[in-house]
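Notes follow once the structure below has been shown.
Read the figures in this text as sums done on the coordinates, not as results from a lab. All of these numbers come straight from a predicted model, not from anything done at the bench. Cβ atoms come from the backbone with ideal geometry, glycine included; neighbour counts cover every protein chain shown.
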Amino acid sequence: MNKTILTLAFVLLASFLTSCGGTLLEEPIDESAQVLPEAMQPDTLRLLAIGNSYTLDALALFPFVLKQVSPRTYIVVGILYTGGASLDYHLQSFKGNTAYSTYFKWTPERGEWYKESFSKPLQALADEHWDYVTMQQVSQQSHDFTTISPYLQPLAEVLRDNDYRGRLGWLLTPAYPDGSSRLSNGTIKVNGQPVTSSDEMFATIAACAQQVMHSRSCDFVLPCGTALQNARHTSLRQYGNWGQLTYEGMHLQSGIPMYIESCAAAMALLNTTFEKCHMSIRQADYQIISRGPQVGMNNTNQDLASACAAQAFSNPFTLKY
């Protein structure tokens, strides 16, 4: 064959391969080294969490846990945060589009938590096509449905009025490790009797969360506080500078305490349990807010923590340990 015929044959072959979706001499692609564009992902999970420091504690490791157990899911997490914010605060902020202290975000492209340049709630709500939005009550009031009922449904309506069409969830926050003594009024009463233990305080929070679900304002619950209370009845209770998995008696210490709640959140949003999720990562990679040194993050503790979370997923309003 002469050069003209060879050239023509090569052009025809290239045209045929292209029409069939093929390419010539394509370099092999290392799929593990790249993040696929969103449109090519087999599944997505976008969560916007509205809350305070208890939401930060619960979701600090959430995207990293989810990456381990559902690696092909395209994950985006946003947290609208103001310290000590109540449900009333969240309603007024959304109605007035008043900025939160910080809008934290996690995306696969960044692979770490960062602060967005804006924090107005309606801007954050429009930032992504969120699949889920979660809410919580401030810990001092999370046991009292009368502090929730006037604000929860109106907040849900504000979200719907601003074109949110995903599912709404309730974050079940943890009890204090020493019961209700840290409340401003010093006590919670059930049937006129003061609540004095951590388990008793948890029971009031869980009962309130059940009322939230019965109100039909939310579609699902994140049983993070249940998982943590389960863990307080295991060897994991030793961790934390204060003890009982806390840094100072209220908030979770960095490491296994936050891992417990993030596992519970992941199971709730995946709607399934998982047995193992071993993580060996630097604290600086995942920590939204540092609460002391990282504690307890070995494989044995992680297995026990995920078991506590699995029990919480199966029994969100009841302790099982």
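Overview of values
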{"read-out": "Quotient of Cα Rg and 2.2 N^0.38 Å for region 40-314, N being how many residues it contains", "value": "0.94"}
{"read-out": "Between region 37-103 and region 188-252, the alpha-carbon center distance in angstrom", "value": "21"}
{"read-out": "Net charge, Cys224 excluded, C-beta distance under 11 Å - Lys, Arg +1, Asp, Glu -1", "value": "-2"}
{"read-out": "Ranked list, fewest to most other Cβ atoms within 10 Å of each Cβ, for Arg232, Arg182", "value": "Arg182, Arg232"}
{"read-out": "Positive-end residue, region 40-314 charge dipole about Cα centroid, Cβ charges, pick of Leu172, Ala203, Ser215", "value": "Leu172"}
{"read-out": "Förster radius 41 Å - calculated FRET efficiency between Asn315 and Asp161 (Cβ-Cβ, nearest 0.05)", "value": "0.70"}
{"read-out": "Where N is the number of residues in region 88-215, Cα Rg divided by 2.2 N^0.38 Å", "value": "1.21"}
{"read-out": "Environment charge at Thr300 (Cβ cut-off 14 Å; Lys +1, Arg +1, Asp -1, Glu -1)", "value": "-1"}
{"read-out": "Sequence-distant lysines (8 or more away, or on other chains) whose Cα lies within less than 20 Å of Lys320", "value": "Lys276"}
{"read-out": "Size of region 189-270 as Cα extents on the principal axes (Å, biggest first)", "value": "38, 37, 19"}
{"read-out": "Those lysines that a straight Cα-Cα span of less than 16 Å connects to Lys95, excepting residues fewer than 8 apart in one chain", "value": "Lys120"}
{"read-out": "Cα-centred dipole magnitude for region 40-314, charges only on beta-carbon of K, R (+1) and D, E (-1), debye, nearest 20", "value": "120"}
